[in-house]
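Read the structure below first, then the notes.
The values are calculated or read from the model by the stated rules, or taken from the named source; none is laboratory data. Computed from a predicted structure; not experimentally measured. Because the Cβ atoms are built from the backbone with ideal geometry, glycine has one as well, and the counts that use them run over all protein chains shown. The protein model used for the area step is the full one, side chains on, heavy atoms only, and it has no ligands, DNA or RNA in it. Shrake-Rupley method; radii C 1.70, N 1.55, O 1.52, S 1.80 Å.
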Amino acid sequence: TCSPPPCPTAGLTFEWACYLPGGGVCRYDADKQKVTLPTGAVITVPLGEILLESEVVFEATVIKGKRRSVSQVTLSLTDALVVPIKVYLLDGTPNYVGSDGTLFVNAARQVRLTGGVADGTVPAGINRRASVSLSWSITPPALCGSSAEDKCIIDISTPVFVLRPGVLAAGERATIRLTAAGSDGVVSTGFAQLAVQINRGPTLGGACDVSPSSGLELLEDFSVSCFGWTDEDLPITYAYGVRVDSPGGKDIFTPFKIVDTAVLRLPRGQQILSVRAADAFGAVSETWQSLPVSVNAQADTANSPDAAAANEDAITDAVTEMEALGDYTGALAFGT
């Protein structure tokens with residue numbers, strides 16, 4: 001299938017191959033000849049006629065003109081009754097699904113999975129509740145720590161598995177598996193798993209700059225830019241901010257926009273400026289830099305009506321902009 005499905009098969013050619021884990025090709029049990037698989041988006045394979053080990057790999061090559069795409073799936077084989085298990089993501093959909101089925105989510109998101117015996121045909125002798133016990137596991141196992149309650153919440157009665165935000169760093173990956181085991185004397189097995197990877201925010205490959213390098217507080221338009229950000233998930237949007245070091249102050253940021261330059265009017269002093277870059281799915285990267293910009297205090301305006309009027313206009317504009325950004329506390333302090 002395509003990601004996301006459905007997959008239009010018109011104009012596509014499908015080629016299939018069967019391999020053993022060691023790399024050898026699959027062969028028929030009767031004559032030891034290489035297995036030849038049918039073509040098409042959906043095929044049926046008689047596993048009972050093939051010489052197999054504990055695992056088998058099926059590879060599909062999808063061809064359209066001169067373009068080719070390859071995907072594989074590995075099947076684990078067992079003599080026990082296989083219980084169909086299903087695992088899926090709660091609370092909406094992932095940011096996107098990779099070609100191998102990996103769910104990509106943002107770092108701030110809590111990952112909640114649930115699952116159980118899948119609806120549909122269940123092997124004979126399996127009672128959905130009495131004959132099957134379920135257990136969760138995660139790879140690498142150290143992610144949840146020695147105390148699972150710290151970083152993971154595991155409720156087997158539901159069953160639900162919760163991976164708290166921050167357990168995985170950007171770019172890190174974990175595989176969460178729900179396994180069924182037989183009980184009441186029934187020999188059965190089965191599992192389903194999902195791989196989860198934290199969507200990495202944009203990477204800063206360039207530098208930050210501010211122009212001009214000096215000017216008057218609240219009057220000078222300083223153009224701030226950080227260029228060279230890259231990411232696979234376009235478009236990238238940018239938000240610029242100023243670090244406020246005064247007691248009770250908070251950092252102030254512009255809204256996210258596609259343009260990579262912002263015009264700011266700054267208070268006096270050496271400024272620490274920031275840019276936040278977000279990819280199309282909201283994964284954010286941030287850099288703070290003390291840029292060489294000197295913002296000078298304005299001259300005394302007590303005896304200069306024109307300068308005083310300009311000051312008043314500048315302060316009014318700044319307060320209005322803060323209010324538009326929702327920073328009412330800052331607007332009140334700034335206006336005062």
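The table for this structure:
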| read-out | value |
| --- | --- |
| Answer residue from the stretch 82-132, given it is assigned to a strand (DSSP E or B) and open to solvent by 40 Å² or more (accessible area, probe 1.4 Å) and is modelled with the lowest pLDDT among those | 82 |
| Subset of the stretch 61-81 (residues that are among the basic types (Lys, Arg) and surrounded by 13 or more Cβ atoms within 10 Å (Cβ to Cβ)) | none |
| In the stretch 21-53, the residues that are aliphatic (A, V, I, L, M), part of a loop (DSSP other than H, G, I, E, B) and farther than 23 Å from residue 100 by Cα | 30, 35, 52 |
| Unmet criterion (only one of (1) under 15 Å from residue 75 (Cα atoms); (2) out of contact with any Leu (no Cβ under 6 Å at 6 or more places or on another chain); (3) not in a loop (DSSP other than H, G, I, E, B)) for residue 56 | (2) |
| All positions within the stretch 12-60 that are in contact (Cβ under 8 Å) with a residue 24 or more places away in the chain, in contact with a strand residue (DSSP E or B) (Cβ under 6 Å, 6 or more places away or on another chain) and open to solvent by 60 Å² or more (accessible area, probe 1.4 Å) | 13, 15, 16, 19, 21, 27, 39, 51, 55 |
| Any hit, the stretch 146-155, residues being touching a helix residue (DSSP H, G or I) at 6+ places or on another chain (Cβ under 9 Å), of a type in the set (Asp, Glu) and modelled with pLDDT of 65 or more | no |
| Candidates 143, 168, filtered to the one that is part of a helix (DSSP H, G or I) and at pLDDT 65 or above | 143 |
